[in-house]
Amino acid sequence: MTGERALIISRSYLLRSGLKPIVEETGQNVEVLHSDDEHIPENIQPDFIFLDPVTISFQRIEKGWKNIPNKNRPKIIIVYFTLPRRYTNYPYLLDLSQPKSHVQQKLRELLNASEVISDDNELNAPLSNREINILRLVSLGNTNKEIAEKLFISIHTVITHRRNITRKLGIKTVSGLTVYAILNNIISPEDLQQFNALSE
Amino acid sequence: MITADWKMVDLIHTNHVLIKVLNRFDITLGFGDKTIRQICTEKKIDIRFFLEIINSFLDREYFPKEQLRTFPLHWIIDYLSQTHQYYLNKSIPRIEKIIHEMASQCYEDHKHGALLNRFFNEYKDELFKHIAREDEKVFPYAICIEKIFLNAATAECLKQVAGYSMATYKSEHDDIEAKLYDLKNIIIKYLPEPSQPDLCYEILSELFTLEKDINDHSRIEEKVLIPKVEAMEKEIKKKQV
């Protein structure tokens, strides 16, 4: 799963510290956060939750998404050493007593076979033509507003595209994107010089 | 968890990168079998402060920000300043040297080397500016705020704090880690295969290490320094009213 966010919720320091690196290792580009209580701040918006039912209330967590449609809800994965009876038929389970290779395999299944995000395949794809255009304009020093005007789209759309570009490429800054653009012949060094000359 | 009765040598065996953290406390090698307690006492370093910094560095999950905020401001600032000196005088020059070598020797097409150099120079400038801002403005400001808070204000101090605040610092505090992140990815993913891969391994090792160090450093600035100074600013404002 690329560009996703996972949240580990457990009051056990050992469980959080142990699970975090394995999830990071297994998921590509998954940002792994952790918490030791049931309160999930608004801005977190995880795609996956690893929940320890022994120390955290499943019901309380699930309640947080009561009013959200199913497809926008995070996938809640129950982690356990001994599975509490009531979860026997729960679909997303991770048995922590297994050896590392089993845990990783299970994690790969849980993180990949996702009904939650459908555009994750997008993140593995090369840049779309639209994204390449935007990248070109960004490298030439255009602001979001200028890009929006030149392409007749909204600033919000520009920002979304830029975010996707960053996630796909793993490059955050404008100068980094400029280097990428030059290396991939999206702009030439002369284009850049012209722009620099204009802005002086 | 490292405690005061550990031998310093065992601390290094736990994680050798701690040697550079020791340097920031002016602790050098050759300390034999002495314990942390002995060395700190000799060097007049507060043991609790030393241990909190070391343990936070070792374990990302351990960051007792409330405890850290209770330490005297100038200890925190001294530690942060020493870290700056390390970046300025050791890390960056070392990295720069390797980057220059890579740029001139690794890539057939001259433009690739040029791009690498240029990107690194931009990063270096940004980092140095960021550090200078903190050394020349933010840290002296914080020290003065503490003086005023302790009713030991001087005229010089009052001038220093005029027109500045932690709020200003927060708004200026840019993301210096982003460019470093990009530099790594550019070298790993997007520059062509280098003719001397060993240089690349060396540089990446340095970059990853620097990134972690800067992350820890920023964490102390954001979660310890800023809240501590903000609390004092608030008290001062209250008194003024």
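The values are calculated or read from the model by the stated rules, or taken from the named source; none is laboratory data. Since the structure is predicted, the reported quantities are computational estimates derived from the model, not experimental observations. Cβ: placed from backbone, ideal geometry, glycine included. Neighbour counts: every protein chain shown.
General observations
- For the residues A:Ile8, A:Ile44, the requirement of being on the phi < 0 side of the Ramachandran plot and more than 14 Å from chain B (Cβ to nearest Cβ) singles out A:Ile44.
- Checking each residue of the stretch A:20-40 against the condition of being at pLDDT 90 or above, surrounded by fewer than 21 Cβ atoms within 10 Å (Cβ to Cβ) and closer than 21 Å to A:Thr82 by Cα gives at least one match.
- Yes/no for B:Asp59 being more than 27 Å from B:His130 (Cα to Cα), surrounded by fewer than 18 Cβ atoms within 10 Å (Cβ to Cβ) and of a type in the set (Asp, Glu): no
- Residues in the stretch B:27-47 that are in contact (Cβ under 8 Å) with a residue 12 or more places away in the chain, within 20 Å of B:Asp78 (Cα to Cα) and acidic (Asp, Glu): B:Asp46 only.
- Screening B:Leu191 with (1) among the hydrophobic types (A, V, I, L, M, F, W, C); (2) within 14 Å of chain A (Cβ to nearest Cβ); (3) within 22 Å of the chain's Cα centre (by Cα) gives one miss only, at (3).
- Looking across the stretch B:138-187, the residues that are within 14 Å of another protein chain (Cβ to nearest Cβ) and in contact with a Leu (Cβ under 7 Å, 6 or more places away or on another chain) come down to B:Ile176, B:Leu180, B:Leu183, B:Lys184, B:Ile187.
- Put simply, of B:Tyr181, B:Tyr164, B:Tyr169 the only residue that is within 23 Å of the chain's Cα centre (by Cα), among the aromatic types (Phe, Trp, Tyr) and either outside any helix (DSSP H, G or I) or at pLDDT below 90 (or both) is B:Tyr164.
- Residue tally, condition within 14 Å of chain B (Cβ to nearest Cβ) and touching an Asp or Glu at 6+ places or on another chain (Cβ under 9 Å), over the stretch A:29-41: 4
- Evaluated against (1) more than 14 Å from chain A (Cβ to nearest Cβ); (2) out of contact with any Phe, Trp or Tyr (no Cβ under 7 Å at 6 or more places or on another chain); (3) under 24 Å from B:Lys212 (Cα atoms), B:Glu122 falls short on exactly one condition, (1).
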